[in-house]
Amino acid sequence: MKIIDSFGEMCPIPVLRIEEEIKLLNNGESFMIVVDHSCVVESIRDKYKKRNVSVKIDEVMNGVWEITVTKN
């Protein structure tokens, strides 16, 4: 699985990186983006709740999130 490191990047940069990566995926494929800003997590949660992707968000340590995006 491809992992995108977005440490230190504020919105909208991680969201734009997700948009570009989704275009490259086939249905059923996934990638992970790692972020360290809670505003990014909220933006991703809001943007993709009604889209053709599944988003799994895990806070792996305090202030660090691994977000797995799967194209449906």
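The values are calculated or read from the model by the stated rules, or taken from the named source; none is laboratory data. It should be emphasised that the depicted structure is a prediction, and the values quoted were computed from it without experimental measurement. Cβ sites come from the backbone with ideal geometry, for glycine too, and all protein chains shown count toward neighbours.
Among the residues making up the stretch 31-44, those that are under 16 Å from Asp58 (Cβ atoms) and surrounded by 15 or more Cβ atoms within 10 Å (Cβ to Cβ) are Phe31, Met32, Ile33, Val34, Val35, Asp36, His37, Val40, Val41, Ile44. For residues that are in contact (Cβ under 8 Å) with a residue 24 or more places away in the chain and part of a strand (DSSP E or B), scanning just the stretch 28-59, find the one that is farthest from Ser6 (Cα to Cα). Filtering first and then ranking leaves Val53. The condition of being without any contact (Cβ under 8 Å) to a residue 60 or more places away in the chain and outside any helix (DSSP H, G or I) holds for Glu66. Among the residues of the stretch 24-53, what is the count of those that are of a type in the set (S, T, N, Q) and at pLDDT below 95? Matching residues across the stretch 24-53 total 3.
In the set Ile44, Ile57, only one residue is β-branched (Val, Ile, Thr) and out of contact with any Lys or Arg (no Cβ under 8 Å at 6 or more places or on another chain); that residue is Ile44.
From the list Lys2, Lys56, the lone residue that is modelled with pLDDT of 95 or more and in contact with a helix residue (DSSP H, G or I) (Cβ under 9 Å, 6 or more places away or on another chain) is Lys2.
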